[in-house]
Amino acid sequence: MLTDSPTEMTTAITDVILAAQSAAAIYVIRRKTVARPMWTRVWIWLFALLSIASLIGAAAHGLEMAASIESAIWSPAYLALGLTMALFVIAAITMSSGHEKSRRFLMPAIMIAFAFFSITQIWSDSFLLFVIYECIAMALSLTLYTMCFWQRSAAGSGFLATGVLVGILAAVIDTQKTLHVTLIWEFNNHGVFHLVQMISLLLLTIGLYRSHREEISSEEQGGVVVQ
């Protein structure tokens, strides 16, 4: 049965939209950009995991279910989110330092993600732990993308840095448990978090598209890469 809570329903609906938006980002990466193996695979896996986590979140928020079942389905969601954040950092390392260095950091990042997941299974406030983990990963990614933008060393880095910054803002909003906003429909902190996250995903997708497009332009014209 669907939930009777208006805020839980808007949270579920925005989760579904995030899943669709992530799938659209995968389409852009696969069909509208130049294939760069490491970079492309990392972002495809990242958005695929985010889409899975969003669909699980939609079910958890939008359906009435026993507490034991709800707790069980959150486990794969935390695993997917943990891996998403790990790949987020790897993507930033790939842009700032190259494919070889990002490959060396890939396995340690995945191991950290599994460690995070293991802790969520024994700690009572798993959500707070995820927010802390997410902010650390996003802050590191923001630093790397900002460096790329400042040095004008990678196209699209300005949009990527802005997308990460908006994502950090979204994570902070998600911690405000008393937040309640009415924008035609009612939204709690999770719903508003999803709305802001949609903007973040849009900026990230634009940054990815520009990264590939400007790379082609630079190769063809021998010009300076535009941020």
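The values are calculated or read from the model by the stated rules, or taken from the named source; none is laboratory data. In this text, all values refer to a predicted model and were calculated from it rather than measured experimentally. Heads up, the Cβs are rebuilt from the backbone with ideal geometry, glycines too, and the neighbour counts pull from every protein chain shown.
Find the residue count for region 53-86, including only residues that are outside any helix (DSSP H, G or I) and of a type in the set (Gly, Ala, Ser).
First, the residues of region 53-86 that are outside any helix (DSSP H, G or I): 63-66.
Filter again for of a type in the set (Gly, Ala, Ser), leaving 66.
Number of matching residues: 1.
Table: residues versus (1) out of contact with any Phe, Trp or Tyr (no Cβ under 7 Å at 6 or more places or on another chain); (2) farther than 17 Å from ALA92 by Cβ; (3) at pLDDT below 90.
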{"position": "TRP150", "(1), (2), (3)": "yes, no, yes"}
{"position": "SER157", "(1), (2), (3)": "no, no, yes"}
{"position": "VAL166", "(1), (2), (3)": "yes, no, no"}
{"position": "LEU169", "(1), (2), (3)": "yes, yes, no"}
{"position": "VAL172", "(1), (2), (3)": "yes, yes, yes"}
{"position": "LYS177", "(1), (2), (3)": "yes, yes, yes"}
{"position": "LEU183", "(1), (2), (3)": "yes, yes, yes"}
{"position": "GLY191", "(1), (2), (3)": "yes, yes, no"}
{"position": "SER200", "(1), (2), (3)": "yes, no, no"}
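In region 128-181, what count of residues is obtained for those that are surrounded by fewer than 21 Cβ atoms within 10 Å (Cβ to Cβ) and not in a helix (DSSP H, G or I)?
Qualifying residue count for the region: 9.
Could you check region 64-92 and list, in sequence order, the residues that are acidic (Asp, Glu) and out of contact with any helix residue (DSSP H, G or I) (no Cβ under 9 Å at 6 or more places or on another chain)? It would help to see each step written out before you state the result.
Here is the first cut: in region 64-92, the ones acidic (Asp, Glu) are 64, 70.
Within region 64-92, GLU64 is the sole residue that qualifies.
What are the residue pairs meeting all of these: first residue in region 133-157, first residue under 17 Å from GLY167 (Cα atoms), second residue buried (at least 16 other Cβ atoms within 10 Å of the Cβ) and of a type in the set (S, T, N, Q), Cβ atoms under 7 Å, and 6 or more apart or on different chains?
LEU144/SER96; TYR145/SER157; GLY156/SER211; SER157/GLN227
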